Amino acid sequence: MFRIHKLVNRIRSAILIGAILVVSCSFPAISCGQTAGVFDAAIEQSQSKVVKIFGAGAGRVEGYATGIVASEEGHILTMQGVFLDGGNVRVLLHDGREFDAAILKRNRETQLALLKIQAETPEHFEISAEEVGEKGDWVIALTNAFKVADKDEPLSVMLGVIALRTSMDARLNRRDVAYRGDLVLIDAITSNPGAGGGAVVLTDGRLVGMVGKIINSSDTNTRLNYAVPGSELAAFMEGDSRESAVAEEDSTGPPELGIVIFRHGGRNSPAYIDRVRRGGPAAEAGLRSDDMIITLGGEKVGTVREFDEVLESLRVDNEVIVVVKRGVDVIRVPLTLSADDPAEPDTDSTDEGTDTESLEPDESDDSTSVILMSRDVYTSLAAGSVQDDEEADSRQTLEAMMLTTRALRGAVERVRPSLVTIESFGGVSAVQGRIGGIRSQGEGNTTGVLISSDGLVVTSTFNFIQRPPVITVVTHDGQRRVAKMLGRDDTRKICLLKIEDVSDMQVPEFIDPEELQIGQWAISAGVGYGDTNPAVSMGIISATNRVGGRAVQTDANISPANYGGPLLDIEGRLIGICVPMNPQSQAVGAGVEWYDSGIGFAVPLHGLDHVIDRLKNGEEVEPAFLGILAVPNRSGDGLFIEQIVEGSAAEEAGLNRGDRITGLNGEEVGDIMKLKTMLNRFEAGREIELTFIPADEEDEKTVSIVLGSAQQSGEAPSPLEPPRIR
């Protein structure tokens, strides 16, 4: 579903370790202790300056986005989208206050939009026209991707580096309007629904830019992670919208390259140049007959049809790069698009003096690979050629990153004896799992973590939807043993296995969730691909107490192969078990679709002794079901009970239609979403204290309720949809 560049994730650790050497960084050496430290202040400062935006939806396009506070007077910057088109745009501030928003202006070229709420917003970003941040600098992105953060929950945090500053005239999905302007490429995974409009900041909290709309390439199956820089934001806020100018340009039709494409082979044939028109842009750039066009303006051109599509998206006076194959050479030339056909007759351009170049990076080409640049700096450091303060800062940064790398390896080495590969046989839809993509539940191997010396293993329910009759595990020493499923917890997507006839198995150290901080290092590991060595991804803790308080969120890459594997801190302590989750749904497969999106979840085991005991006894832990349909109280606090499910926990507790719920376990219930979030913290069988005012009475009462399950109440939910009545 989400076309995100897999290569970015595979080389991310290399970029983080290598690209940081490009520049002289301002932060001190990174400690290999509990937190990344340097990110904490920037995250805390920025959370109060980023907002959640809700509006109209359309089909499968959700009506939500992110925005940044841009002034003291309630100005909000965001990216355009369907959420702005319904006439009812709402902005939710960091403290939970909600306001209607007016749309002041939009910009079609950069897709920016400016909103205004009737509230003072003293905490806001300074929008600077100056470039903030250089290639290789750490950046933090704060967004509401996938609407994970609800109400006053903190936004999701993702870590990366600035990969490149450039300009672009790109298309969105080849069906939307173009992005035209400067942008900052980053390697944090931000190209997700709802993330557009989020903040990208440096470690000192200064705003680098705003997360852009999704730019997708159906040809390369990639998405671009980028930010609209402060210079574009400042120009938009200070100037007028360029809608009319864009409309006039679009009405002129496609620009002219000054070439004739060979079309006799059909629209699916390669885009060879048949003739070059004298005096046109192509002739001046040195293009020739029989050149085969490979890319135009950064877009792949494999056929005549694709050439026409790309040309339609470009505009007059744009300077674009054309890459052509000439014999065995690849030639890269810049040219400026024209509005008119050249008046001169057609000719072949054979001017050998034309300034063409091969696709080799040079000092003036800002698209040079970050990794190549970092290698140059590394070589300079080794040779002692970096001078003065830059040398000292670079050496300090290099030493810090080397320490972090060694700590990562040490953390994985410490937990390695506790990891097992889990194989299932029978009862599945496919014999072999698919490697390299999103594989379905019940396919392939998965990962597990030993939690007791006598062979108890916790893993994800991901590969057990078909309840396979035969399960084996492969321990770190390569021994294969039979395992038995004891129980499963469908509220946390974990299950408990028991390996037979083992003892003295090594278990990891658990970290207390109270010690976790947003921004600290996090490491995901998995052996589900069949290799005895774990696949490892490094990231940070993006949020805590997600999904009803049951999960920790991270931007470390979590794939189906390490579902059931550990999320570790930098010391190798177990933060939690990696599982697919979706805060908006308790359906069986919910969350799997977020694979490789930069959003992953892990369930902490610290403090879950009561759940593990139930699983050891063969119980299945199900989502809690209160059994009511509640509606808002339009004239005051609380929620009115509209309906009671027969046989439910609510009915057994004596609740009736018309009763008004005001609190749960001593915490005030403000709205339906708050009640649902609070109930999501519990599983069936847990006892709660519910405060309510009976119908036609004024005094509050409190009643103890043992929560049931939907199945127990005869309200078995669809496997794809959570029950409507909670």
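Taking region 526-536 only, how many residues are assigned to a strand (DSSP E or B) and surrounded by 24 or more Cβ atoms within 10 Å (Cβ to Cβ)?
Residues of region 526-536 that are assigned to a strand (DSSP E or B), as a first pass: 526, 535-536.
Filter once more, keeping what is surrounded by 24 or more Cβ atoms within 10 Å (Cβ to Cβ): 526.
Adding up the residues that qualify gives 1.
List every residue pair whose Cβ atoms lie under 8 Å apart, where the two residues are 6 or more positions apart in sequence or sit on different chains, the first residue falls within region 648-664 and is touching a residue at least 40 places away in the same chain (Cβ under 8 Å), and the second residue, located anywhere, is among the polar types (S, T, N, Q) and open to solvent by 30 Å² or more (accessible area, probe 1.4 Å).
Short answer, once both residue conditions are applied: Ala653/Ser704.
Give the residues of region 474-513 that are over 26 Å from Pro623 (Cβ atoms), among the aliphatic types (A, V, I, L, M), open to solvent by 20 Å² or more (accessible area, probe 1.4 Å) and not in a loop (DSSP other than H, G, I, E, B), sorted by residue number.
The answer is Val474, Val482.
Go through (1) modelled with pLDDT under 90; (2) crowded, with 16+ Cβ neighbours inside 10 Å for Gly196 and report which single condition fails.
Answer for Gly196: the failing condition is (1).
Quick grid of which residues meet (1) modelled with pLDDT of 90 or more; (2) open to solvent by 20 Å² or more (accessible area, probe 1.4 Å); (3) assigned to a strand (DSSP E or B); (4) of a type in the set (Ser, Thr, Tyr):
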position	(1), (2), (3), (4)
Glu72	yes, yes, no, no
Thr78	yes, no, yes, yes
Gly86	no, yes, no, no
Arg90	yes, yes, yes, no
Gly96	no, yes, no, no
Phe99	yes, yes, yes, no
Leu104	yes, yes, yes, no
Glu109	no, no, no, no
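Quick grid of which residues meet (1) open to solvent by less than 20 Å² (accessible area, probe 1.4 Å); (2) under 15 Å from Pro334 (Cα atoms); (3) within 43 Å of the chain's Cα centre (by Cα):
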residue	(1), (2), (3)
Phe262	no, no, yes
Asn268	no, no, yes
Ala271	yes, no, yes
Pro281	yes, yes, yes
Asp290	no, no, no
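For region 574-682, give me every one of the helices (runs of 4 or more DSSP H) that falls completely inside it and has 1 or more residues that are open to solvent by 20 Å² or more (accessible area, probe 1.4 Å) and within 26 Å of Leu456 (Cα to Cα). Lay out the reasoning, then the answer.
On the way: elements: 609-616, 649-652, 672-679.
Where helices (runs of 4 or more DSSP H) fall fully within region 574-682 and carry at least 1 residues being open to solvent by 20 Å² or more (accessible area, probe 1.4 Å) and within 26 Å of Leu456 (Cα to Cα), they are 609-616.
State yes or no: is Ser460 open to solvent by 20 Å² or more (accessible area, probe 1.4 Å) and hydroxyl-bearing (Ser, Thr, Tyr)? I'd like the intermediate steps shown before the answer.
Numbers: open to solvent by 20 Å² or more (accessible area, probe 1.4 Å): no; hydroxyl-bearing (Ser, Thr, Tyr): yes.
Considered against the rule, which asks whether it is open to solvent by 20 Å² or more (accessible area, probe 1.4 Å) and hydroxyl-bearing (Ser, Thr, Tyr), Ser460 comes out as no.
Could you give every pair whose Cβ atoms fall below 8 Å, whose first residue belongs to region 550-575 and is without any contact (Cβ under 8 Å) to a residue 40 or more places away in the chain, and whose second residue is open to solvent by 10 Å² or more (accessible area, probe 1.4 Å) and not in a strand (DSSP E or B), counting only separations of at least 6 or pairs across chains?
Correct list of pairs: Ser559/Tyr595.
Determine if region 539-562 includes at least one residue that is touching a strand residue (DSSP E or B) at 6+ places or on another chain (Cβ under 9 Å), in a strand (DSSP E or B), open to solvent by 10 Å² or more (accessible area, probe 1.4 Å) and among the hydrophobic types (A, V, I, L, M, F, W, C).
The first filter runs over region 539-562 and keeps only residues touching a strand residue (DSSP E or B) at 6+ places or on another chain (Cβ under 9 Å), leaving 539-547, 550-562.
Now narrow it down to the ones that are in a strand (DSSP E or B): 539-546, 551-554.
Adding the requirement that they be open to solvent by 10 Å² or more (accessible area, probe 1.4 Å) leaves 544-545.
Keeping just the survivors that are among the hydrophobic types (A, V, I, L, M, F, W, C) gives none.
Within region 539-562 (the criterion being touching a strand residue (DSSP E or B) at 6+ places or on another chain (Cβ under 9 Å), in a strand (DSSP E or B), open to solvent by 10 Å² or more (accessible area, probe 1.4 Å) and among the hydrophobic types (A, V, I, L, M, F, W, C)), the answer is no, since none of the residues qualifies.
The values are calculated or read from the model by the stated rules, or taken from the named source; none is laboratory data. This structure is a prediction, so every number in the text was calculated from the model and none was measured. Cβ atoms come from the backbone with ideal geometry, glycine included; neighbour counts cover every protein chain shown. Note: accessible area is taken over every heavy atom of the protein model, side chains too, but ligands, DNA and RNA are not part of it. Shrake-Rupley method; radii C 1.70, N 1.55, O 1.52, S 1.80 Å.
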